[in-house]
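The structure under discussion appears below in the form of structure tokens.
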Amino acid sequence: MKGQFWSIDMIFAIVIFSGAIIMLSVVWLNINNQLSISYGFGIGTMQLQLNSLIQRLQSPGSPPDWNSFVSVNSVSTWSNVSIGLGTGNGTSISTNKLLTFMAMANSNYESTKQLLGVGYDYYITISSQGQYNMSIGSNPIPNNATAIQVATVPIILNNGQAGTMRIIVWTNTTFGVG
């Protein structure tokens, strides 16, 4: 009788131990899959938003002279425009649109994110040889960015000067669209 009692206890312990290991494995695989899916879609979403932002910024916007319709200090005037910095001539960028957009971003950064159609933060730098060195948006470095997507686009300012536009889409959260 003593041997049978030990066998039943041992079988019961093995069943409980095996069940616990199986449950732990299932939970671990589930969490691992969710993290890899979130990570993959987060980077993919950032890249899609970056590509969309590049196209939007190089377009002339809507209406093409949108900068004359907005009041920088009145967000309500921004609702009927689509931001674009281009002049409609290839990679040419309008300095007037650029300055208006910079003032808008300085006035209300969150509203400009919505106008640009990005859920992540953005940071745009425009530089040319000696004349321009400007930045628009929120710099990822002091904000402890955890993920960054960057594109550098050659541009021509409407005064004929060549330059570059560096566009950064970033987040400091765990791939949460903020």
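Restricting attention to the stretch 136-149 and to residues that are farther than 20 Å from Ile83 by Cα and out of contact with any Phe, Trp or Tyr (no Cβ under 6 Å at 6 or more places or on another chain), the residue that is surrounded by the most Cβ atoms within 10 Å (Cβ to Cβ) turns out to be Gln149. When Gly84 is tested against the conditions (1) out of contact with any strand residue (DSSP E or B) (no Cβ under 8 Å at 6 or more places or on another chain); (2) part of a loop (DSSP other than H, G, I, E, B), the lone failure is (1). Being surrounded by 13 or more Cβ atoms within 10 Å (Cβ to Cβ) and over 23 Å from Trp170 (Cβ atoms) holds for only one residue in Ser79, Ser92, and it is Ser92.
Taken together, the residues in the stretch 49-70 that are surrounded by 13 or more Cβ atoms within 10 Å (Cβ to Cβ) and assigned to a helix (DSSP H, G or I) amount to 11.
With respect to Asn73, is the statement that it is outside any helix (DSSP H, G or I), touching a Ser or Thr at 6+ places or on another chain (Cβ under 8 Å), loosely packed, with under 13 Cβ neighbours inside 10 Å and of a type outside the set (Val, Ile, Thr) true? Yes, satisfied.
Please verify whether Ile124 is surrounded by 14 or more Cβ atoms within 10 Å (Cβ to Cβ), touching a strand residue (DSSP E or B) at 6+ places or on another chain (Cβ under 9 Å), within 17 Å of Thr91 (Cα to Cα) and in contact (Cβ under 8 Å) with a residue 24 or more places away in the chain, treating the condition exactly as stated. Here the answer is yes, as Ile124 does meet what is asked. For the stretch 150-161, the tally of residues that are at pLDDT 90 or above, over 20 Å from the mean Cα position of the chain (by Cα) and either hydroxyl-bearing (Ser, Thr, Tyr) or loosely packed, with under 13 Cβ neighbours inside 10 Å (or both) stands at 1.
Could you run through the stretch 10-43 and say how many residues are modelled with pLDDT of 80 or more and not β-branched (Val, Ile, Thr)? Qualifying residue count, the stretch 10-43: 11.
The values are calculated or read from the model by the stated rules, or taken from the named source; none is laboratory data. Only a predicted model underlies this, so the values are computations on that prediction, with no experimental measurement involved. Because the Cβ atoms are built from the backbone with ideal geometry, glycine has one as well, and the counts that use them run over all protein chains shown.
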